[in-house]
1. Helix-only estimate, please: 222 nm mean residue ellipticity of chain A, summing -39500 (n - 2.57) across DSSP H runs of length 4 or more and dividing by its residues, to the nearest 500.
2. On a full-extension model of 0.36 nm per residue, what is the gain between B:R128 and B:S18, subtracting their alpha-carbon distance, rounded to one decimal in nm?
3. Would you give the gap between the C-alpha center of region A:101-178 and the C-alpha center of region A:1-44, rounded to a whole Å?
4. What pairs in A:K457/A:K606; A:K78/A:K120; A:K402/B:K29 have C-alpha atoms more than 19 Å from each other?
5. Along Cα→Cβ, 7 Å out, is where each label goes; now give me the distance between the ones at A:S502 and A:E183 in nm to one decimal.
6. Which ordering of A:S638, A:S166, A:S111 is given by a fewest-first count of other beta-carbon atoms within 10 Å?
7. Considering amide H positions built from the backbone, and no H for Pro or chain starts, which residues 5 or more places from B:T58, or on another chain, come under 5 Å of its amide H?
8. Label A:L380 and A:M546 with points 7 Å out from Cα along Cα→Cβ: what is the distance between them in nm?
Amino acid sequence: MFKLNFKIALRNLWKNKVYTAINIGGLSIALAAFIVVLLYVTYETGYDKDVPNYDRIYQVGRNLPDHKTDYTPAPLAKVIQDNFPEVEVTGKMSTTWFEFPIQTEKGRVYSTKALLLDYKVAKMFNIRPEGKLADENDPGLQLYVPKLFFNKLFPNEQVIFPKQVSLGPKKAGQFVKLYGTIERTDEHSNIKFDVVSLSKDISFDNKDYGTNNFKTFIQVKRGANIEALQQKIDQLYKREVIKAGASANDYRIAGRSVIFLDPLKNLHLKPMAGSDTNYKIVFALFGLGILIVIIACINFTNLTIAQATKRAKEVGVRKVLGAYQLNLTYQFLAEIFMQCLLSLALGLIIAEVLLPVFNRLFGIPLSIWHGDQTLFAQLLLILIGVTVISGIYPALVLSAYKPASVLKGNMQTSYKTRWLRNSLLAAQFVIAIIFIAGLLIVNNQLKYMRAEDKGFKSSQVVFIKNIQFYNKAKDFEQARNKMMKIPGVNYVTVASDIPDGSKPGTNTYKLGEQESSIDFIDVDFDYFETLDIKLKSGRFFSRNFMADTAGSATLNESAVARYGVTNPVGKIIRGCDMDYKIVGVVKDFKAQGFEAAVEPTIYSIKNPCNNQKIKIMVNIDQRSMTAALAALKSQWPSINNLDGDDFRYEFLDELYGRLFKKQEQLQSVFFFAAMLTIFIAVLGLFAFSAFTTNNRIKEISIRKILGATDFQMFKMLNTFFIWIVLISNVIGWPLAYILAKNWLETFAYRIDIPLFPFVLAALISTVLTVLTVSIQARKAVKTSPAEALKYE
Amino acid sequence: MIELKNIEKYYANKGVKSYVLRHVTTNIKQGEFVSIMGPSGAGKSSLLNILGMLEEPTYGQYEFMGEDVVSLSERKRVELYRNHIGFVFQAYHLIDEMTVAENIEAPLLYKKVPGSERKSRVADILDRFNMVAKSDLFPNQLSGGQQQLVGIARALVAHPTIILADEPTGNLQSVQALQIMDLFKKLNEEDGITIVQVTHSEVNAVYGNRTLHLLDGVVNEERNKIG
């Protein structure tokens, strides 16, 4: 029985090749998209999953009055370990935030993400270096580098560890011992590094509760009460901070809970100290994937029902031959299952082809094959789900045909399912229209962000990497003068932060009666000139005013607005225990991109609470760019006397452009989604119109005999579908509008929603509809009436 | 084996009843060959559909082999199809995607006849109808008469007690039609299979030993064949 049914199913599919191709093609493309999304979601939610005690590891963070942070004081890890028996292991991690060289006589490499780890944390996260392992209780730092670095540092050399290497520029290097190599191929972890230094205690028994430079991890015992532990650590932390000299009434600790424990499984996607944007993106993509599969299932259902009449006779005959309705339901479900299986196989192939594109876009290493078994379990679930969703309804409809009516010969389609099929078709178009309009709106916002005046000019600014501190203006003078001599160089400056989206430091400043926490950036002369920032009132910093290096400050418009002063120039603003005289106000510029509004910021040359001024920016004439860069490169050792080993630079506009990466990803996702949904909707429409047109062939022939022209026939066949598409547009527009509005509201600087995406979506959907339907209509209209009316 | 008492069938449309069958009362005995005759729209097919339990009468009593079958459960009805009733249609209604042999085998599959017996029964019947050479062809590769032969073979293979035939020769040329009618007669006389056929040809009707004349839903006259 099964074998025969299987054979018949194959013959049926083969007989209706076009429909089968449409059915399977549409579903397989949707499944391919879903497989990619599924891999992505599994990957993103699986960070550190292979860590042995995944469920019992927490990061300790602090809840500050205005934000949350995962930076904690050095001694915290140890006191937690000493006080709470339910905590098994604690340890610290510390990151470096700048690039620095590691060198030997033979070679030099740059580390961009060096990490300091307590032994215990390394163990907790299963990080195991190769080579000589130092004693766990050795208090010194043991450096491990990847093989790639090692081969450059010691080309063709037999090395006995530990071996001395120098950290930092040649002229200011510190010698440390290299203990071996470490290979971390799996970057699927929250703990990422290129080189790592391990130690018994990376803080060297630091007892300071005032600075918070360490991340603290704890691993609790099985069954520990996390909430209670969190409270206990909070109380302990407060006791310790007060013991270290803080006032018990300090608003940062009094009457509020400070410490939180963030489980490891949340750290990648929705850390408490950080944004949950990634989580939202993953969630949205997952939703999108499910939506696409559902559309494809709808399509499948639609097409199968549309073809149901062809199978009606078979149902009738089988019933009088002695088949139960249930037999037939199973038979049809099995047929649909086969098609779904085929679609899934095809989908896997398509996904395999799509993955490299997706991986490049999102910068991740997804693969169907090297993953674990979960994918295949998931695929099995998908297969069953898709079969049930797309198959159950047609199977029930088909198997319910009454033999008496279908065996009479001229069988009419059931009217009952018509509204359902129509609304399913409309739903597909609604979704396609949302994506078309959405894509156009995302495009528009991106275009705006690229073209809009960001308040500074990045196009001819080169950012030079450096780790030499130029905190005082006179330290930088010599380097600047040498650079200024190079033809084409207009301005040179150094600062603690550059407009690449990074967040500068914040501090509390008082102007008049108003006290407020605002951003501060430590700059040098010519900072504003280099970036071509516009002055609003007063003046820029100038070498002509001796006081500028001692106590002058410039505010931006937002800062002026924050303090609510009318004529700020000449007034005094106080912060970091010193008074600044405001000498100028600059126009706001979007140093941190388009999402957040420009922060109130104070710029000063002198700042006792400074961040290090290490970021050099040079404004060069576009025409002399190549020559000037070459000159800078050749003279760099003499210009930058301490960190002059290599001239390393980036163009500021490229750096700034990376801020748009998230939007560009979204744009690509929308592009794919729009193409996919249009494609699937058109497939559905194609088969649907073929079916209705075939059903109306008799009517068309009669009308032709009665004198209708071909054009009238085209019009008649198209009208219904055009109505459906128009209704879909009317439903799709407001939905697209609401979604676009929500998305645009995540930008402080955004476009008004234009009309044309909606018009274009309507136009595209209508034109595609007319084209698709007319292809079918043409066949029907060309059929000779004699042929069509022969059989009754 | 069939007893109809006062069968009524009508469709109500906007309060107006349009009758298809009125007060049909008749008996069909085991081994009879009954022809139902009448002009188009007289209710012949409806009567046959009621006999085949494809339609339910609006009123009336219908007993099949002593069992009341009006509003029979699906399971019981399917059991009857499997074991007692064979259908033959005017339009043959072979399943297009199945070969001749597969079409004939289909009812045995539902009857859960074991594989080897299925094969031999299909082979027997193909042999009997001289269609062995055609067993792997698809219906659209056969002539109308051959298709109807397959249709009858399919009805016979399950060893039914009664065959219900709805204008079995309606789509056939006269020579082929004669062959089919001869076959029916032979099946009736030699195998003792009860046959009920709907026809509007006087020639075909006389093959039976009894004719029910239907006019506007009423059994007009019953005539038994003499001799």
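1. On the way: 24 runs with 391 residues, N = 792.
Per the formula, -16500 deg cm²/dmol.
2. 35.1 nm
3. Result: 53 Å between the Cα centres.
4. Details: A:K457/A:K606 25 Å; A:K78/A:K120 12 Å; A:K402/B:K29 28 Å.
Table pairs above 19 Å Cα-Cα are A:K457/A:K606; A:K402/B:K29.
5. 3.3 nm
6. In order of increasing Cβ crowding within 10 Å: A:S638, A:S166, A:S111.
7. Result for B:T58 returns B:E8, B:K9, B:Y10.
8. Simple spin-label model gives 8.4 nm for this pair.
None of the figures in this text is laboratory data; all of them are computed from the coordinates on show. Bear in mind the structure is a predicted one, so any value in this text is a computation, not a measurement. Here the Cβ is made from the backbone with ideal geometry for all residues, glycine too, and neighbour counts use every protein chain on show.
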